[in-house]
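Following: one structure in structure tokens, then a few remarks.
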Ligand SMILES: [Zn+2]
């Protein structure tokens, strides 16, 4: 297999692809002098940071292997890919509004460069992309699908592999590197820093998610990895106003595929909540609520921080019998636990915001603990609520925001969900509210 496109340091080649002979590779300095500073050729930041030995390094893209002023990038230039058949085996069928957007994405491809697909949680954004992807792969175009979130990448990779089983799809992020060529890559945004003017299409999923929205370096990573003539599709259920204004084409889908309205969160006030949480307790009425939810449906319980996870798990386990576990970003078993939740092995999964978006479980209700916490912005609350009732026959899933106070973010999230439902009803995309 030829590895083209990726610009890697020698130590990265040795770690990832030890069998590759670099004698024929192109070689460029990893940093270039810029007055008294040095410009990093990977992330484009200017550095004046020195190591004690006196040479410079780039502190901005340290999340990948360290670049310094003595090192080089090695790469193999891209070759033209030939036209081919791209087999799409997805058995589902797009709904009428999904189909309209999928067609528009293909038709507008010739006349526009940036696209935003604004579709509510559970609307089936990924499936809408299938026809466009199939078309571009058949034309021999290179495609990257990227997200700021590891869990989103994992899920996308799974779904693309099922839909396009004959395609060679790679996945790259901090925990996983599976290389199957560079024509169809699923990766976190950081990984795109390794490509330069390479992809014909870059799809950015969950574009409003941290850290992409706050980090110009990541936005630059996408710019650099995409060819100047390339196209970009942004996907989000909660896009920022600024993005809606700047794209060439905006498609809005306010309803879910299954024609059920989005569950509107119920606010569950508990005046002494913070005090109880501090001592590792949950108020009795919340425990009772959880127990009744679990009887009917699985539950995702979102906590504002990792330190609460285990305390809450212990507290709940003392009160009633339930199959539960916790998951957070540094959890070694994170992937396995998410898979097990999907397979129905737990009734209750306590998690942080790492699972707020991009993941689909069947038959889950959602509880957000301490919804007034400053970490839970409006988009985050809408996304967490959006995990409920996505899939499965059970249509009575609940979303509950447990809080000691009403906040602007809580109110805005509830309003936005109601507005989407209203729009969906007006357009005849849901049957009732
Ligand atoms: Zn850098």
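Residues that are touching a residue at least 60 places away in the same chain (Cβ under 8 Å), within 11 Å of the ligand (Cβ to nearest atom) and surrounded by 15 or more Cβ atoms within 10 Å (Cβ to Cβ) are absent from the range 18-39 altogether. Scanning the range 43-85 for residues that are in contact with a strand residue (DSSP E or B) (Cβ under 7 Å, 6 or more places away or on another chain), within 14 Å of the ligand (Cβ to nearest atom) and in a loop (DSSP other than H, G, I, E, B) turns up 48, 58, 59, 60, 61, 65, 66, 67, 69, 71. Given the criteria away from the ligand (no atom under 16 Å from the Cβ), surrounded by 13 or more Cβ atoms within 10 Å (Cβ to Cβ) and assigned by TED's automatic domain parsing to the domain that holds residue 196, does residue 102 qualify? So residue 102 fits the description; yes.
Yes or no, residue by residue, for (1) assigned by TED's automatic domain parsing to the domain that holds residue 296; (2) part of a loop (DSSP other than H, G, I, E, B); (3) modelled with pLDDT under 95:
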site: 338; (1), (2), (3): yes, no, yes
site: 344; (1), (2), (3): yes, yes, yes
site: 358; (1), (2), (3): yes, yes, yes
site: 362; (1), (2), (3): yes, yes, yes
site: 373; (1), (2), (3): yes, yes, no
site: 390; (1), (2), (3): yes, yes, yes
site: 394; (1), (2), (3): yes, yes, yes
site: 415; (1), (2), (3): yes, no, no
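Any idea which of 376, 361 is in contact with a strand residue (DSSP E or B) (Cβ under 9 Å, 6 or more places away or on another chain) and under 21 Å from residue 156 (Cβ atoms)? The match here is 361. Among the residues of the range 202-232, the one identified as under 17 Å from the mean Cα position of the chain (by Cα), assigned to a strand (DSSP E or B) and under 15 Å from residue 5 (Cα atoms) is 202. Of the numbered criteria (1) touching a residue at least 24 places away in the same chain (Cβ under 8 Å); (2) out of contact with any strand residue (DSSP E or B) (no Cβ under 6 Å at 6 or more places or on another chain), the one residue 336 fails is (1).
The values are calculated or read from the model by the stated rules, or taken from the named source; none is laboratory data. Please read all numbers here as calculations on a predicted model, not as lab measurements. Methodologically, a virtual Cβ is constructed for each residue, glycine included, from the backbone with ideal geometry; neighbour enumeration extends over all protein chains shown.
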